[in-house]
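Okay, so here's the structure we're looking at.
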Amino acid sequence: MVSTDQARRLALSLPESVEQDHHGRPSFRVAGRIFATLWGEDQMNVMLDEPGIRTAVQAHPGVCTEVMWGKRLAAVRVTLAAADRELLADLLGDAWEGKAPARLRPATPAPTTPRPGHRDHSGASTGASGRGKAAPRSSPPAAERCLTGRMPASGPDGRPRAVVFDLGGVLLDWNPRHLYRRLFDDEAEMELFLSEVCTLEWHRAHDLGVPPEETSPPLIAAHPEHAEMIRAWTERSEEMLAGPIEDSVEILRRLKAADVPIYALTNMESWTYPGRRERYPFLRWFDGTVVSGFEGVAKPDPRIFALLLDRFGLLAETTLLIDDSKTNVRAARAAGIQAIEFESPASLRRQLEAVGLLDGRAG
């Protein structure tokens, strides 16, 4: 029998493991990914790959059960009252590494020398000398974390395991026209201004973290007749937001409720994001967020996709990006990431149902 407190201590004993609240439950993370979650009074979900989950359930009936998220097998649920410390430590250790539990895999010829850091069935570690000396686990390097990932691949189907949302145009109705229709009486004049003065190419510098104090003066000098309109771009930037795209937010809510890992990757100014995060609670639902303005790199630059994968330990081929930009979708696919071009919440919902991330019977 393992108590909840003992299970917590086992999870936190792994290097760089941290405890965080996730949907009101204590969860344990390393490198941004959840590898275990306490569930109820005496259960723990341990995130393994599908072969590891099935083998654990077969080897320990009554102790380990399968956990389905949507239509996919995602974790093994361990009943702590029926488990022993050795089993739980082994499962947690292998989930920490992002793989199936070695002790539960089909038998293979044993190596003549134990690999450094490999734990025997007592939960101890063998050192490089193979003499049984305790050896702490080391955090996988960034490149390895991208391969082992928060939600490892389940096989050749390549179904997405984590979903990454763009913000503007997908979850937030952002459009400069929401502001400038209030400032221009003539629609054609407004469109000319947005195509020749305050262009998206000019605005891209803001997404890269360049402050308006540097971008606005040269533009005002070139177009002094539009000085007030140019200043409005940054002084009244929140008026470019019409609010949340509610049906998209509902999709986000359903994914979160199903324990699907969700992230945000947005081209946004560093000075507007903090206020928006406070204003819109759903921006605080994500397991992680990358904001271009803080990073100095923006979509579709391949470096920002690499940064996302590395920072949160995601596997490119089982990560799905949702973005309203064709260019960004193409760039994500070129980086090996699955991608959907957002057209409407209804279309997105159907596509997520098709890949098993949403249950078509719900909502």
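Every number in this text was worked out from the coordinates using simple rules, so none of it is lab data. Note that the structure is a prediction, hence the values are computed from the model and not measured. Positions of Cβ are generated from backbone atoms using ideal geometry, with glycine treated the same way; all protein chains shown enter the neighbour counts.
Side notes on the structure shown:
- Here the relative contact order of region 4-108, from alpha carbon pairs under 8 Å that lie six or more residues apart, stands at 25 percent.
- Oblate is the label for region 173-241, because a/c, from the alpha-carbon gyration tensor with a ≥ b ≥ c as root eigenvalues, is 1.5 or above and a/b does not exceed b/c.
- Database remark: amide H of residue 14 closer than 5 angstrom to no amide H (H placed geometrically; neighbours at sequence offset of 5 or more, or on other chains; Pro and chain starts carry no H).
- Cβ-Cβ FRET estimate between residue 66 and residue 350, R0 fixed at 22 Å, reported to 0.05: 0.25
- Sorting 311, 253 from the fewest to the most surrounding beta carbons within 10 angstrom yields 253, 311.
- Estimated FRET transfer efficiency when R0 is 22 angstrom, pair residue 182-residue 279 (beta carbons, to 0.05): 0.65
- With R₀ fixed at 51 Å, the C-beta to C-beta distance from residue 1 to residue 294 puts the FRET efficiency at about 0.65.
- Modelled spin labels at residue 238 and residue 341, positioned 7 Å past Cα toward Cβ, are 3.4 nm from each other.
- Gained length - residue 173 relative to residue 330, 0.36 nm times residue gap less alpha-carbon distance: 54.3 nm
- In Hz, Karplus ³J(HN,Hα) per residue of region 323-334 (6.51, -1.76, 1.60; θ = phi - 60°; x = Gly, Pro): 8, 8, 9, 4, 4, 5, 5, 4, 5, 5, 5, 5
- Of all DSSP-defined beta bridges confined to region 254-363, some 0% are antiparallel rather than parallel.
- Distant-in-sequence amide H partners of residue 289 (H built 1.01 Å from N, under 5 Å): 264
- Among the GluC sites (Glu not before Pro) found in region 326-363, those both in a DSSP coil and sparsely packed, with 11 or fewer other Cβ atoms within 10 Å of their Cβ, are 343.
- In Hz, Karplus ³J(HN,Hα) per residue of region 343-349 (6.51, -1.76, 1.60; θ = phi - 60°; x = Gly, Pro): 10, 6, x, 5, 5, 4, 4
- Sequence-distant residues sharing a close amide H with residue 43 (under 5 Å, placed H): 80
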